[in-house]
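Visitor: Quick one: the structure is below, questions incoming.
Readers should treat all values here as calculations from the given coordinates under stated rules, not as data from a laboratory. What you see is a predicted model; the values in this text were computed from it and never measured. All Cβ positions, glycine included, derive from the backbone under ideal geometry; neighbour counts span all protein chains shown.
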Amino acid sequence: MLRTLGLIMMTCMMSANASAQRLVSLNPCFDAWVLQWLPAAWEFVPSTTHGNRLERILAAQPDAVLYGTYTNARLVAALDEATQIVLVDEPNSWSQWQRSLTAVGEALQLEDELSRWAAKQEQRMSVGKNFQQDLLIIMPNQYSWGGSSFIVDMLRHHGVSVDVADEDVALVQIRLEQLIQMQPQRVVLDGFASDYARANDWLWHNALQPWLQQRQVVQIPTELSGCPAQRADDYLNKVTQQ
């Protein structure tokens, strides 16, 4: 009996060791996100450890590498010759983000883990259905998210009303006179740095300041706006906070 139990325990330990792998991230947006769903048996190497230098990544002996849509193509090609590479696609819509999560789960054979994480993210975004104000998102250099952007689609999918200057593009540049004709109840300042930058100058225009003062204004920090898919729940909760 004891011998049988010992064999069972040894088999379980060998199985666990076989499934444990080393996963490397090439994107700072993945670093905190991966730790939310990666099994404890796996080893994770964040992007800050290797600085996306090929020799340092290979020295970590990864079993798989997570890279993004805009990761250096030469680096990705070199890694593809040495290990498994897994794309975390930069989404343009909420449905595309769900497909990306499914694809990552299948590639890493962690479908259940990614599915549970996606369900939790969705649950944390239910507050959008109770938000009653129209909002407009503006960014440095007079840019705004358009109707074809991930941010707008994600917010609308969860019940938030978003005004846009153009429904057919992802990113649109708004003229000052065009902006002050729009009448959102809330304005979201997305990605404006706290330090002085020429890209922020238009916020202080004499015509824009009174317009802003008539509305609720929410500031989105750059570390949040830079990772909109992985932190979509944080983004939605920030823009809808009372």
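Visitor: About its Cα centre, what dipole magnitude does segment 130-239 give when the only charges are +1 on Lys and Arg Cβ and -1 on Asp and Glu Cβ, stated in debye to the nearest 20?
Guide: Numbers: 7 positive and 13 negative charges, 46 e Å.
The calculation lands at about 220 debye.
Visitor: Further, regarding this structure: Treating only the Cα positions of segment 17-123 as identical point scatterers, give the base-10 log of I(q)/I(0) from the Debye formula at each q in 0.15, 0.17, 0.20, 0.24 Å⁻¹.
Guide: -0.60, -0.78, -1.08, -1.50
Visitor: Computed from these coordinates, which is Kirkwood radius over Cα pairs in Å: [x] 20.3; [y] 22.1; [z] 18.8?
Guide: [x]
Visitor: Rounded to the nearest 500, what is the 222 nm mean residue ellipticity of the chain from helices alone, with -39500 (n - 2.57) per DSSP H run of 4+ residues and division by all residues?
Guide: Working: 12 runs with 101 residues, N = 242.
Per the formula, -11500 deg cm²/dmol.
Visitor: So, in nm, how far is label ARG74 from label ASN237 when the simple model puts each one 7 Å beyond its Cα toward the Cβ?
Guide: Spacing of the two 7 Å Cα→Cβ label points: 4.2 nm.
Visitor: Still on this structure, please answer the following. Run the numbers for LYS120 and GLN84: contour at 0.36 nm per residue of separation, minus the present Cα-Cα distance, in nm. Kindly include the intermediate steps, with their values, before the conclusion.
Guide: Working: separation 36, 0.36 × 36 = 12.96 nm, distance 2.75 nm.
Net length gain for the segment: 10.2 nm.
Visitor: Counting other Cβ atoms within 10 Å, which trypsin sites (Lys or Arg not before Pro) in segment 144-190 have at most 13 and lie in a DSSP loop?
Guide: Qualifying residues, ordered by number: ARG175.
Visitor: So if a site counts as exposed when it's one of the chymotrypsin sites (Phe, Trp or Tyr not before Pro), its DSSP state isn't H, G, I, E or B, and it has at most 13 other Cβ atoms within 10 Å, what's the longest stretch of the chain without one?
Guide: Values: sites that count: TYR70, TYR196.
In short, 71-195.
Visitor: Can you give me the Cα centroid spacing of segment 24-55 and segment 75-113 in angstrom?
Guide: 13 Å
Visitor: Oh, and also: At a Förster radius of 41 Å, what calculated FRET efficiency corresponds to the Cβ-Cβ distance of LEU176 and LEU35, to the nearest 0.05? Provide the component values of the computation, followed by the final result.
Guide: Numbers: r = 43 Å, r/R0 = 1.04.
Approximately 0.45, to the nearest 0.05.
Visitor: Still on this structure, please answer the following. Express in nm, to one decimal, how much length is gained between LEU58 and ARG156 on full extension, taking 0.36 nm for each residue of separation and deducting their alpha carbon distance.
Guide: On the way: separation 98, 0.36 × 98 = 35.28 nm, distance 4.16 nm.
Between LEU58 and ARG156, full extension yields 31.1 nm more.
Visitor: Something else: Please report the antiparallel percentage of the DSSP beta bridges confined to the chain, to the nearest 5.
Guide: DSSP beta bridges in the chain are roughly 20 percent antiparallel.
Visitor: Would you work out the relative contact order for the chain, in percent, from Cα pairs under 8 angstrom that are 6 or more residues apart? Before the final figure, lay out each step's value.
Guide: On the way: 360 pairs, mean separation 35.9, N = 242.
Here the relative contact order equals 15 percent.
Visitor: Given labels modelled 7 Å from the Cα in the Cβ direction, how far is it in nm from GLN219 to ALA103?
Guide: It works out to 3.6 nm between the two label points.
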